[in-house]
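Below is one structure, written out as structure tokens, with a few remarks after it.
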Amino acid sequence: MTALIETAHVTRRLIDPETVTLVDDACLKIQPGEFVAVVGPSGCGKSSLLYLLGLLDRPDTGSVRIDGILTDGLSDAERTHLRLERIGFVFQFHFLLPELTAEANVALPIRRLGRLSRSQADDRAHELLAKLGLKGEAHRRPDRMSGGQRQRVAIARALANDPAIILGDEPTGNLDSANTRLIVEEFQRLAHEEGRAVVCVTHDMGVAAAADRRIHMLDGRIVPEPGPA
Ligand SMILES: Nc1ncnc2c1ncn2[C@@H]1O[C@H](COP(=O)(O)OP(=O)(O)OP(=O)(O)O)[C@@H](O)[C@H]1O
Ligand SMILES: [Mg+2]
């Protein structure tokens with residue numbers, strides 16, 4: 001089976017003003033149907049790793065394959081297209097556009113990809129929102145919604161183009177336990193029932209425990225799961 005995400009010896013450094021190693025020699029493989037948590041102390045490089053997996057950043061050395069496609073030599077435009085087509089992001093802060101309705105926010109990436117007509121894009125957005133329990137909220141603006149509702153709109157947007165990969169950076173960071181549970185159950189469903197790869201950076205032990213496995217990071221490196229103290 002082709003891994004949906006595969007990295008080989010990925011390293012990312014910032015040089016200026018002094019050298020900081022964000023990610024150091026990361027090798028990982030994530031298969032379709034897997035829900036994986038990325039955990040580790042603040043500043044250890046979790047977000048930096050996620051940006052590399054999501055083609056939002058490029059490694060200095062090493063390679064990133066997405067669904068078997070080697071991304072290193074791709075142009076920025078090719079990487080953007082691959083990202084739009086195969087990767088959905090959910091961040092801690094929803095980054096929804098406040099002046100647009102939920103439905104219009106979800107339709108945006110569909111229209112950017114340009115495969116559906118405007119009305120088909122709106123229909124798909126509506127259907128995704130309904131699946132996430134937001135049928136009645138499609139025409140509301142995100143700033144009139146609760147935090148949990150907004151984060152479900154953000155998930156609907158991440159799913160807009162039916163991506164094989166979902167990446168979350170602390171997606172439950174601002175949610176109460178009931179809303180966190182809803183998001184976790186959705187991530188499990190997206191992986192286990194729909195065969196996507198879900199990679200979720202989290203500080204929440206409950207979220208990490210609900211994942212199929214955990215990638216531990218320390219000082220930019222992927223390290224073995226710490227044993228009992
Ligand atoms: N643009 C930048 N300039 C300088 N240092 C940076 C930059 N981005 C990240 N860093 C540093 O790189 C390291 C890794 O950061 P990163 O944001 O990936 O950590 P993290 O594990 O996601 O942390 P957190 O749990 O707090 O979100 C940290 O030491 C951070 O301070
Ligand atoms: Mg982070």
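The values are calculated or read from the model by the stated rules, or taken from the named source; none is laboratory data. These figures come from a predicted structure and were not determined experimentally. Glycine also receives a Cβ, built like all others from the backbone with ideal geometry; neighbour counts cover every protein chain displayed.
Six or more apart or on different chains, Cβ under 8 Å: which pairs go from a residue in the stretch 166-189 that's on the phi > 0 side of the Ramachandran plot to one that's among the aromatic types (Phe, Trp, Tyr)? Could you list them?
Cβ pairs passing all conditions: Glu170/Phe91.
Collect the residues in the stretch 182-203 that are surrounded by fewer than 20 Cβ atoms within 10 Å (Cβ to Cβ) and touching a Gly at 6+ places or on another chain (Cβ under 8 Å), keeping them in residue-number order.
Within the stretch 182-203, Leu182, His192, Gly195, His203 qualify.
Among the residues of the stretch 163-193, which ones are out of contact with any Asp or Glu (no Cβ under 9 Å at 6 or more places or on another chain) and either among the basic types (Lys, Arg) or closer than 17 Å to Gln31 by Cα (or both)?
Scanning the stretch 163-193 gives Ile166, Leu167, Gly168, Arg181, Phe187, Arg189, Leu190, Glu193.
Where residues in the stretch 43-61 are without any contact (Cβ under 8 Å) to a residue 40 or more places away in the chain and near ligand 2 (Cβ under 10 Å from one of its atoms), which of them is surrounded by the most Cβ atoms within 10 Å (Cβ to Cβ)?
Tyr51
May I ask you to say which residue of Ser48, Ser63 is among the small types (Gly, Ala, Ser), within 13 Å of Ile222 (Cα to Cα) and at pLDDT 95 or above?
Step by step, each of Ser48, Ser63 is checked, and only Ser48 is among the small types (Gly, Ala, Ser), within 13 Å of Ile222 (Cα to Cα) and at pLDDT 95 or above.
Do we find that Leu129 is touching a Lys or Arg at 6+ places or on another chain (Cβ under 9 Å), within 17 Å of Asn179 (Cα to Cα) and not charged (D, E, K, R) in this structure?
Yes; evaluated as a whole, the condition is true for this residue.
Is it true that Val38 is buried (at least 21 other Cβ atoms within 10 Å of the Cβ), under 24 Å from Pro163 (Cα atoms) and within 16 Å of ligand 2 (Cβ to nearest atom)?
Here the answer is yes, as Val38 does meet what is asked.
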